[in-house]
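Right, one structure below, let's go through it.
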Amino acid sequence: VNYLLRQIPGSNPTEEVARQNLMKVGHCMEEVVGDPMKKKQHEVEEVLVDPAKKKQQQQEQQQQEEEEVNADRCTFCEEGVTHPGFIVPHIGGRTCGEIRKMVLSTDENKIKNGTTSCDMIQKEEVHCCAAPVVVTVDFRKDLHVTLPMRNMRHENGTFIGASEWYRYWKMAKNVRRNNNNNNNSSSSTGSLQSNIDHSHDEDVLSLVKADFKKAIEHTRKMKARYDEVNAIPDYRARGLGWVEQRLGMVLTVAVVGDNSAAAATGEATALPAGNISIFIVDAIGDMKCGGNDNNSDELSDNWIEYHPPLTMWVRANGPEIFAGTALPHVFASSTSPDDRHRCAWRYDFEPQTRGEYSIYAKVLTFNGFADWNKNLCKTQGIEWQKTTKGDSDSRLIQAAIAHELAKKGNFSHHRGLMAFKNYDKLNSCCEACTRTRGCQMWSVPGEIDECELFFDRVEDDSDFWDNDMGIHLGRDRSYSYVQQKVSEFPVFRRRLGQNDRRELAMNRNEIALPEWPKLNVDDSYGYPRNEPTIDFIGCGWSNLKSFESPCHYPSDDLIFGSGKRIEITVDSKDQIQNASIASKVEGKRACTVEDESFGNGRWVKYPFPDDSVCMPVERDTENGGFKTYMPKYNGTSMPPYCWHRDNIDQCCNTCGEMGCRFIINHRWVSDLRQSGKWFGRFENYDCRYDDMSSTEIQQCIDRKNISNIEVKGLSVKNMLESYIAQKLKGIEFAEQTQTSRIIYLDTLKMPHVVWHKSMEEFGKELDGYQEVDNEKLEHYFVTGFYFSSEREPHVVADRSLQFSNLAREKLTPKGYKMINGFDVTAAFTFDSDGQNDGLHITGPPIRAILTKFFHHLCQE
């Protein structure tokens, strides 16, 4: 420094002049010698600058930098966050504290002032920055409530509900089979052992072992797919993940005929006509279903009670379509001791027509016949009062109520439930708590949702608790997934990708759900019912799971091995004689109402008729076809069988209710729907249903002096009315007099009674039906459908069958006439269901029901 001062021209320079000159010289020298001189210059400046002034300069520079950074930053709760833990519904489920941290971000992705995102966030300041809300709740936990055990089994190891499950589904079994194999002849569990057909056991086990590694790998990849997006709770809640996690099973499909077995993989396998059996087998085999010591080949007399009551839909789609539920099977003896008492299910059918058949199987429910008693919810009103002064946002009060309930009940953990199509909020919330492991109490409202579930400890929330990691897995809904295509099963499973993604895991701000206090119900709380419950585990619509624990693929309930194809090479001795739908089947009598038993029939396909016979297909926009696709029909100008034409792929694509638009396209597409054009009808094995032309219907109306045909019921009634209007177009009824007849076609308000009533309540309602005066009226009733969803709680295929059978037992002795709609809807439950809801099954099944109705009406 001294050297440099001496080199500056002029004598005795002041310190200030010396500093300025030094800077000039330093700049010149920096250009010559580079960075070392720059560092030296900086050191000189540090020595010459006054320390106090230096500090002030640093503070000014820091303030300037902060102002530049924050100039366009979104501001949020600048005076502090008063509710850091409050979950803000409209900001992706983040807490107030997380939002504050987010807006303080200085990275390139920071939220800037004036943007739409910033405006949305700032609207939530009223919740996060407002003064704390304090409420007092008049609540005392009921210490005398008996909580459900939530066990699958009795203490002796038998499954709860297994006997009832078998009794009902055996009644609905496909009856067309040349012998009495697989428990057909027994009506009690005591003699089941001697009626099991074990002739295919070795072949089936061989096929299962050939597919073992692929089945395990398929399950492993599915689980990894959920794990990659932090969604293991979803995997556990539904589909094959539920089966693996709750039962320890990995299921696989094997197909055999009476004369040969189908191959495990590959192209369609040739099988001769005859009895065909679809087996669904536990590939792991750790659970045993024989009931006795596993070292013995003998089965227990009540072995069926050791078999899980797991409802699985099965369909064989070919020139004929067979669909229904697989029944329990067990491998009693085998050359391999490890296979003894291995659990399996079996569906038998007998095709009469040669051709290719595809095989599919899906899981639907567990313990599906469990009844319910709403009084066990012990629902009570919540009395509360806000004690803080001034106005407060309703959502802060809502959250305060939930927190106060948790505090007074000594519940250290609670979480909300975002239900789907939650029309019956109190009973739905009670149902959710009853089914949820560890739930001790429920309330409406929840902290941010319509419903809140309360637990003693966080680790009691088993559905979201990870025992291995010791952490609560939360409710992460940030993932997306895609619609499945039929070409992707059973081998290929598309991975998640950036293209063609659609979001289904819903955040609270993505759908306009009713907000407290406008829930149209009183603030209430209650307890789980102390009784066994249904668990819907399919990937169809679910009141409790569609938003909360969705299937990431709609095929995640599809059992491995589905998609197998078999080729029936030879017609059976009972083959369908006429390829034309126009001909009556020779030798078959006309069906009567006594033939409307469960399990008696299948669908038969026919060549699509020429336009010159049935006129080109056009959409009917007059008779309800504007709501869902329905082809035009004229019973005067075309043959009556033309009514069976349809384009299945064009129906059921329109939403009519809240929330549907989010999941309408997230549907399983089978080869039946993909085929598009449809022409076929439902046919009984032993008798015929006649298609009635307009002329024949008019003659029937005149002959029986019918003054009116009235359809009764609720939502299904509306569907029937649209289709029956086509058949009755141009028909003239008799004048209403004392001698004229009225005809009722009644749905008994199914599925609504299945939703709202217990079996006991529905039985009492049926007891109130008066006997039919056959001189003045005829009263037909349509059974419930084969549902593939649980759109509303309790509305599942099992209970639909149960309620339908109860109606048959109580109403037919009084003169009511049953029309079996359960069997005709089983084949189409995934393919022609309105809105893809698995409930309102339309198209060909509705035509089959009305074909039966007019046939019975005019035959008698």
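Residues in region 388-440 that are more than 30 Å from Val754 (Cβ to Cβ) and acidic (Asp, Glu): Asp391, Asp393, Glu404. Being more than 19 Å from Glu320 (Cβ to Cβ), at pLDDT below 90 and acidic (Asp, Glu) is a property that does not hold for Glu696.
For Asn623, the conditions (1) touching a Phe, Trp or Tyr at 6+ places or on another chain (Cβ under 8 Å); (2) at pLDDT 90 or above; (3) on the phi < 0 side of the Ramachandran plot all hold with the exception of (2). Look at Lys389 and say whether it is without any contact (Cβ under 8 Å) to a residue 60 or more places away in the chain, open to solvent by 10 Å² or more (accessible area, probe 1.4 Å), within 30 Å of Thr82 (Cβ to Cβ) and not in a helix (DSSP H, G or I). Taking the combined requirement at face value, the residue satisfies it.
Scan region 808-820 for residues that are more than 22 Å from Arg847 (Cα to Cα) and either open to solvent by less than 10 Å² (accessible area, probe 1.4 Å) or among the acidic types (Asp, Glu) (or both) and jot them down. Listed by number, the residues that qualify are Glu809, Leu811.
Checked against the criterion of being at pLDDT 90 or above, under 22 Å from the mean Cα position of the chain (by Cα) and surrounded by 17 or more Cβ atoms within 10 Å (Cβ to Cβ), region 481-500 contains not a single residue that satisfies it. When Met719, Met692, Met750 are checked against the criterion of being closer than 18 Å to Ala848 by Cβ, open to solvent by 20 Å² or more (accessible area, probe 1.4 Å), in a loop (DSSP other than H, G, I, E, B) and in contact (Cβ under 8 Å) with a residue 12 or more places away in the chain, a single residue qualifies: Met692.
Of all residues in region 664-675, which are open to solvent by less than 10 Å² (accessible area, probe 1.4 Å) and either more than 21 Å from Ile359 (Cβ to Cβ) or assigned to a helix (DSSP H, G or I) (or both)? Hit for region 664-675 is Leu672, nothing else. Here is a check on your reading of the model: is Leu801 over 17 Å from Thr365 (Cα atoms) and among the hydrophobic types (A, V, I, L, M, F, W, C)? In short, no. Being among the basic types (Lys, Arg), surrounded by 24 or more Cβ atoms within 10 Å (Cβ to Cβ), at pLDDT below 95 and under 26 Å from Cys660 (Cα atoms) holds for only one residue in Lys518, Lys545, and it is Lys545. Considering region 169-192, the residues that are crowded, with 18+ Cβ neighbours inside 10 Å and either in a strand (DSSP E or B) or out of contact with any strand residue (DSSP E or B) (no Cβ under 8 Å at 6 or more places or on another chain) (or both) include one that is modelled with the lowest pLDDT, namely Thr189. Considering Ile87, Ile160, Ile111, Ile91, the condition of being within 30 Å of Pro528 (Cβ to Cβ), open to solvent by less than 60 Å² (accessible area, probe 1.4 Å) and at pLDDT below 80 is satisfied by Ile87 alone.
Selection of strands (runs of 3 or more DSSP E) fully inside region 306-383 by the criterion of at least 2 residues being open to solvent by 10 Å² or more (accessible area, probe 1.4 Å) and not charged (D, E, K, R) returns 320-325, 355-366. Taking the listed residues Val782, Val824, Val772, Val795, the one that is farther than 27 Å from Phe679 by Cβ and open to solvent by less than 10 Å² (accessible area, probe 1.4 Å) is Val795, with no other qualifying. Residues that are touching a Phe, Trp or Tyr at 6+ places or on another chain (Cβ under 8 Å), assigned to a loop (DSSP other than H, G, I, E, B) and charged (D, E, K, R) occur at least once in region 831-842. The single condition from (1) within 27 Å of the chain's Cα centre (by Cα); (2) at pLDDT 90 or above; (3) open to solvent by 70 Å² or more (accessible area, probe 1.4 Å) that Trp603 fails is (3).
Among the residues in region 239-262, are any among the hydroxyl-bearing types (Ser, Thr, Tyr) and surrounded by fewer than 23 Cβ atoms within 10 Å (Cβ to Cβ)?
yes
For region 267-300, the candidate set comprises residues that are open to solvent by 10 Å² or more (accessible area, probe 1.4 Å) and on the phi > 0 side of the Ramachandran plot; within that set, the residue that is modelled with the highest pLDDT is Gly274. Taken over region 428-446, the residue count meeting the criterion of being more than 20 Å from Met149 (Cα to Cα) and open to solvent by 20 Å² or more (accessible area, probe 1.4 Å) is 0. The sole residue among Thr106, Thr116 that is farther than 30 Å from Leu247 by Cα, modelled with pLDDT of 80 or more and within 45 Å of the chain's Cα centre (by Cα) is Thr116. When region 122-154 is filtered for residues that are assigned to a loop (DSSP other than H, G, I, E, B) and closer than 30 Å to Met287 by Cα, the ones remaining, listed by number, are Leu147, Pro148, Met149, Arg150, Asn151, Met152, His154.
The values are calculated or read from the model by the stated rules, or taken from the named source; none is laboratory data. Source: prediction; values computed, not measured. Ideal geometry is used to build each Cβ from the backbone, glycine not excepted, and the neighbour counts take in all protein chains shown. In case anyone asks, the SASA skips ligands and DNA or RNA and just uses the protein heavy atoms, side chains included. Shrake-Rupley method; radii C 1.70, N 1.55, O 1.52, S 1.80 Å.
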